[in-house]
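The structure appears below as structure tokens.
The values are calculated or read from the model by the stated rules, or taken from the named source; none is laboratory data. Keep in mind that what you see is a predicted model, and the values were worked out from it rather than measured. Here the Cβ is made from the backbone with ideal geometry for all residues, glycine too, and neighbour counts use every protein chain on show. We work out accessible area using only protein heavy atoms, side chains counted, and drop any ligands, DNA or RNA first. Shrake-Rupley method; radii C 1.70, N 1.55, O 1.52, S 1.80 Å.
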Amino acid sequence: MEKYFLSVLQNIPGMTSTILAKLLDNFKSGAAIWQASEKELAHTNLLTENKLESFLQFRRDNSSYPETLPDICHKQHIKLVSQEDEEYPILLKETFEPPHILFYRGYLINTQPRIAMVGSRKISPYGRAVAESFSSGLASLGITIVSGAAYGVDTESHKGALSVGGITEAILGCGVDVAYPRSNIKLLEEITERGAVISEYLPGTQPTKYTFPARNRIIAGMCSGTLVVEAAQRSGALITADYALKENRDVFAIPGGIFTQGSIGCNKLIQQGAKLVLDIGDIISEYGDFIKNKTLSAKNDNMEKKFALSEEERRIYSLLTPDRPLSVDEIIYNLHGGDPASVAFLLLQLEIRGIIKSNEAHLYVRK
């Protein structure tokens, strides 16, 4: 029951993660905070007069909610995770104001690195192509794509990850049982099958102009880096980028035309120090061998399933990367020997099938 009390407490207007943490130090449990008298709460000196009245009013209006919430969640297949649980996003714990409790539908997986992809709701054909290309490419390498399930870049980013059987997570500015926008109800269901729909807000909570900026801190906080795909000068995506910077996370941006309104925000981010990226290699290169090895291993598995690689093809494919071309001789050397004609034939077959590619110097990389 403790998680349910904490989830209700964190949704009291004016309550912050810091105040709730200090209240827990005083009362030792969420249940004790909820049941404390007005005098006991005031004695902590943690709640201003207005916040104390907000607390008391919320409790009067929702006196039995912590007891009824478990049944509501059970009926709608909603799970709760606290900061003490292994499933809680690891990087989010390190942020300034992490939620004590997250509601989610689906599956939380912390074994893969996360990259946020955000951008304009009014997406251009250019932005749509970029979002799909980067999200599918990163997801196929075993990276979880995190976004906000809004129109435009968010939607295309989720779809791109799903298109290659990747994992994606949607962070909502409403309850996890609320489909917003309504047209994305099917997409949200698909996300729960391959990842998770996540929120700090109680079931049934409707979105407001305040909840969207607040959820952006979770998007940025969960991820190693944030990629801004397309953003106008005052785009909400820039709020997410700002949260990422405050948490010392990487910010990447896709460049666009200087006369294109939807690219002004991205171009200014680059001008201010965000990394200009042209392909997924520009992102992968930032995270060293740990993520490279993890993602390349995941791509090996995906490719084996998708193309049914033979043992010989798998060995050749495992030697190649997207950004370090190898010659036939280098491949044979790394295979610790092999018939040159046989290796050349296998490389040709892999190239014909669209799994690898070569340049004019006959050097090979993964496609």
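Quick notes
- Protection proxy ranking, highest mean first, for peptides 167-180, 256-269, 204-217: 167-180, 256-269, 204-217, where packing is the per-residue count of other beta-carbon atoms within 10 Å, averaged.
- Scalar couplings 3J(HN,Hα) for region 218-228, obtained by applying the Karplus form with A = 6.51, B = -1.76, C = 1.60 to θ = phi - 60°, are 6, 4, 5, x, 6, 10, 5, x, 10, 9, 8 Hz; x denotes Gly and Pro.
- Prolate/oblate/rounded call for region 322-367, Cα gyration tensor, a/c under 1.5 rounded: oblate
- Neighbour cut-off at most 10 other Cβ (10 Å), DSSP loop, trypsin sites (Lys or Arg not before Pro), region 18-58: K28
- Accessible surface, per residue, of region 246-285 when the full set of protein chains is kept, probe 1.4 Å, Å²: 54
- Among the listed pairs K159/K275; K22/K268; K51/K209; K209/K268; K79/K186, those beyond 28 Å (Cα-Cα): K22/K268
- The packing ranking, built from the mean of other Cβ atoms within 10 Å per residue, places the peptides 189-195, 277-283 in the order 189-195, 277-283, highest first.
- Long-range amide H partners of Y364 with built H, under 5 Å: L326, S327
- When its C-alpha radius of gyration is set against 2.2 N^0.38 Å (N residues), region 24-154 gives a value of 1.44.
- Counting Cα-Cα pairs of the chain in 10 Å increments starting at 0 gives whole-percent bin shares of 5, 22, 27, 21, 14, 6, 3, 1, 0.
- Once the 1.4 Å probe is applied to the protein heavy atoms, region 117-240 comes out at 34 Å² accessible per residue.
- Here K39 is the anchor, and the aspartates and glutamates within straight C-alpha reach of less than 16 Å, apart from those fewer than 8 places off in the same chain, are E49, E53.
- For the chain, the longest principal axis of the alpha carbon atoms and the long axis of helix 288-307 meet at an angle near 70°.
- Looking at region 78-234, the pairs of alpha carbons with a distance over 22 Å make up 32% of the total.
- Summing charges over neighbours of L9, with a neighbour being any other residue whose Cβ is under 15 Å away from its Cβ, gives -1 when K and R count +1 and D and E count -1.
- Counting charges near T226 (Lys, Arg +1; Asp, Glu -1) among other residues having Cβ under 9 Å from its Cβ returns a value of 0.
- Between the listed residues A308, N267, Q233, the Cα displaced farthest toward the positive end of the dipole of the chain, a dipole computed from Cβ unit charges relative to the Cα centre, is found at Q233.
- Region 121-137 - phi-based ³J(HN,Hα) in whole Hz, Karplus 6.51/-1.76/1.60, Gly and Pro as x: 6, 8, 7, 8, x, 4, x, 5, 5, 5, 4, 5, 5, 5, 5, 5, x
- In order along region 189-204, the phi-based Karplus estimate (6.51 cos²θ - 1.76 cosθ + 1.60, θ = phi - 60°) of 3J(HN,Hα) comes to 5, 5, 5, 5, 7, 10, x, 8, 9, 10, 7, 8, 8, 4, x, x Hz; Gly and Pro are listed as x.
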